[in-house]
1. Suppose the filter is within 16 Å of THR141 (Cα to Cα) and loosely packed, with under 15 Cβ neighbours inside 10 Å; does GLU25 pass it?
2. Looking at SER44 and the list (1) of a type in the set (Ser, Thr, Tyr); (2) surrounded by 15 or more Cβ atoms within 10 Å (Cβ to Cβ); (3) free of Cβ contacts under 8 Å to residues at least 40 places away in the same chain; (4) closer than 21 Å to VAL125 by Cβ, which single condition is not satisfied?
3. Considering each residue of segment 84-116, count those that are farther than 23 Å from GLY137 by Cβ and either surrounded by 17 or more Cβ atoms within 10 Å (Cβ to Cβ) or more than 16 Å from the chain's Cα centre (by Cα) (or both), and give that number.
4. Within segment 101-129, track down each residue that is free of Cβ contacts under 8 Å to residues at least 24 places away in the same chain and either in contact with a helix residue (DSSP H, G or I) (Cβ under 8 Å, 6 or more places away or on another chain) or under 23 Å from PHE8 (Cβ atoms) (or both).
5. Please work out which residue is modelled with the lowest pLDDT, limiting yourself to segment 98-142 and to residues that are out of contact with any strand residue (DSSP E or B) (no Cβ under 7 Å at 6 or more places or on another chain), part of a helix (DSSP H, G or I) and among the acidic types (Asp, Glu).
Amino acid sequence: MFELDHSFETGKGIDYNWDAVLDLERLIPCVEGGRVVELTGPRSAKAEITVKMGAMALRFVGTVEVAEADAAAHRAVLRVKSREANGQGHANADVTISLADGGGKVHTAARISGKAASMGEGVMVAVLEALIADFTGKLATI
């Protein structure tokens, strides 16, 4: 399991940020290569992401759901469950977003298997770091 922490700034109020975090149609495309395939409920969606790892590009399909939403604490846990579209690997994660006025923090606990994991821990951490850094940067634009 990989655990990563990032902070971000949006310059927007906590209520605006809270609404944005719970809006999966706006949130999922903030992940580079991510897109919503179908909303399956008010807080769940089928999604896919294409991740570039060196010369290799892997496509994962799966679900994203708001597993926990504590409005008073402005803290949400997004549960991501996915599998390689053309393989046997998985990329699953619990992404905890804790908000404050003007930004917040993201804690990611990811479990990766298959081709992506075979690239080695250093490559996986570098790819995850880049994805999450890009994601937190895009949070400021939604």
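The values are calculated or read from the model by the stated rules, or taken from the named source; none is laboratory data. None of the values given here were measured: they were computed from a predicted structure. Positions of Cβ are backbone-derived with ideal geometry, glycine not excepted, and every protein chain shown enters the neighbour counts.
1. Working: within 16 Å of THR141 (Cα to Cα): yes; loosely packed, with under 15 Cβ neighbours inside 10 Å: yes.
Yes, satisfied.
2. It is condition (4) that SER44 fails.
3. Of all residues in segment 84-116, those farther than 23 Å from GLY137 by Cβ come to 84-90, 92, 111, 113-115.
Narrowing further to those that are either surrounded by 17 or more Cβ atoms within 10 Å (Cβ to Cβ) or more than 16 Å from the chain's Cα centre (by Cα) (or both): 84-90, 92, 113-115.
The number of residues fulfilling the criteria is 11.
4. If the condition is that a residue be free of Cβ contacts under 8 Å to residues at least 24 places away in the same chain and either in contact with a helix residue (DSSP H, G or I) (Cβ under 8 Å, 6 or more places away or on another chain) or under 23 Å from PHE8 (Cβ atoms) (or both), then ALA126 is the only one that fits.
5. GLU121
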